[in-house]
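Here is the structure we will look at, set down as structure tokens.
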Amino acid sequence: MGKHWKIEKQDFGTVLTVLHDWDLDIANEFLAFSEETFDPAQHKHFIFDLHKVSQVDSMVIGIIISISKKIKKNGGKVFLLKPSEVVVNLLTDIGLLSYFQVFPSLDEIVKTINLSGK
């Protein structure tokens, strides 16, 4: 766990909780962390919990997309949990909101995962 995020493996998937806004320095720190330690094959369902994020550097969106592509390539699913209006607007403006499944609660994500049977 970094001081800016925490990762927890659950039965239903992996939850990455972002602990506060991400600026460029934190984005670079997370990028280095993900390149060194991230194995998409270990994460069938990956949830970006963004409920504490009110501002985000655009580089973070690129990192989220990169991780998402790797997980989806391995047959996994990616979810965004409670993204702020700022994050939703940014994803909408760059035409990427439809790339993600967005949910207001973890319970709804777990239900979706259970209904998909995968």
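The values are calculated or read from the model by the stated rules, or taken from the named source; none is laboratory data. All of these numbers come straight from a predicted model, not from anything done at the bench. Note that we place each Cβ from the backbone using ideal geometry, even for glycine, and neighbour counts take in every protein chain shown.
Does L16 satisfy the criteria of being closer than 23 Å to S116 by Cβ, at pLDDT 85 or above and in contact with a Pro (Cβ under 7 Å, 6 or more places away or on another chain)?
Details: closer than 23 Å to S116 by Cβ: yes; at pLDDT 85 or above: yes; in contact with a Pro (Cβ under 7 Å, 6 or more places away or on another chain): no.
Criteria not met by L16.
Of the conditions (1) in a helix (DSSP H, G or I); (2) in contact (Cβ under 8 Å) with a residue 40 or more places away in the chain; (3) not β-branched (V, I, T), K70 clears all except one; give me its number.
(2)
Can you go through F48, F33 and tell me which one is among the aromatic types (F, W, Y) and part of a strand (DSSP E or B)?
On the way: F33 fails: part of a strand (DSSP E or B).
Being among the aromatic types (F, W, Y) and part of a strand (DSSP E or B) holds for just one of F48, F33, which is F48.
Any idea which residue in the stretch 6-23 is nearest to G76 (Cα to Cα), counting only those that are of a type in the set (S, T, N, Q) and surrounded by 13 or more Cβ atoms within 10 Å (Cβ to Cβ)? Walk me through how you get there before you give the answer.
The first filter runs over the stretch 6-23 and keeps only residues of a type in the set (S, T, N, Q), leaving 10, 14, 17.
Right, trim to surrounded by 13 or more Cβ atoms within 10 Å (Cβ to Cβ) and you get 14, 17.
On the way: T14: 11, T17: 18 Å.
Selected residue: T14.
List pairs: first in the stretch 92-112 and under 12 Å from K82 (Cβ atoms), second part of a helix (DSSP H, G or I) and modelled with pLDDT of 90 or more, Cβ under 6 Å, 6+ apart or cross-chain?
From residues that are under 12 Å from K82 (Cβ atoms), the pairs are F103/I109.
How many residues does the stretch 75-118 hold that are in contact with a His (Cβ under 8 Å, 6 or more places away or on another chain) and loosely packed, with under 14 Cβ neighbours inside 10 Å?
Matching residues across the stretch 75-118 total 0.
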